[in-house]
Amino acid sequence: MSEAVATTLPLPWAVSAEPVGSPVARALLREYYTEVADRYYSLHEGRQSTPEEIDDGLAEYPSADLMPPNGLLLVARHGDEVAGCVGTRLLDARTAELKQMFVRPAKRGLGGADGLLRAAESAALRMGAERMRLDTRLDLTEAVALYRRHGFVEIEAYHDDVYAEIFFEKPLVEG
């Protein structure tokens with residue numbers, strides 16, 4: 001007589017394009033911005049952000065450029081749950097930029113960031129990009145480690161945003 005053994009398999013990840021104005025996209029982008037703002041304010045001012053500051057930040061850094069044909073917002077789902085997002089947009093005919101990389105805290109450590117990054121690179125290639133650039137802050141240590149682990153190398157600043165502290169680039173290759 002054989003006994004049935006219960007096993008738990010990891011839920012699958014799926015990544016797909018999402019319109020920037022959709023409720024899912026707006027919620028994820030607000031969560032992303034709230035997290036990075038809270039980390040900034042906590043580090044520099046010992047406090048959390050206010051809803052008004054988040055509204056102002058979302059207005060100052062709009063995501064409208066993450067729409068085809070020169071941009072894309074991708075949303076990751078873990079099983080049936082919305083779990084994260086990433087944007088990519090063309091800076092010029094050969095250069096894409098990675099934007100708003102975010103995985104909800106409860107879904108971190110499960111491989112979603114790796115999948116989002118690979119999907120963003122594939123989308124950039126489909127748009128004709130040969131390289132991908134990004135900026136981030138030094139206190140976002142998990143992001144810095146992720147980008148380095150995926151072959152991004154530090155470069156000189158390519159813009160002058162006050163919150164950008166470190167810049168990366170990676171050549172994009174098919175496959």
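The set of residues in the stretch 129-146 that are over 14 Å from PRO171 (Cβ atoms), in contact with a Leu (Cβ under 8 Å, 6 or more places away or on another chain) and either aromatic (Phe, Trp, Tyr) or surrounded by fewer than 16 Cβ atoms within 10 Å (Cβ to Cβ) (or both) contains only ASP139.
Being over 14 Å from the mean Cα position of the chain (by Cα), closer than 21 Å to ALA17 by Cα, hydrophobic (A, V, I, L, M, F, W, C) and crowded, with 21+ Cβ neighbours inside 10 Å is a description that does not apply to ALA83.
For the condition surrounded by fewer than 16 Cβ atoms within 10 Å (Cβ to Cβ), within 17 Å of the chain's Cα centre (by Cα) and modelled with pLDDT of 95 or more, ARG47 does not qualify. May I ask you to list the residues in the stretch 79-99 that are within 24 Å of GLU142 (Cα to Cα) and at pLDDT below 95? GLY79, GLU81 - these are the residues of the stretch 79-99 that are within 24 Å of GLU142 (Cα to Cα) and at pLDDT below 95.
The values are calculated or read from the model by the stated rules, or taken from the named source; none is laboratory data. Everything quoted here is computed from the prediction, not taken from an experiment. Cβ atoms come from the backbone with ideal geometry, glycine included; neighbour counts cover every protein chain shown.
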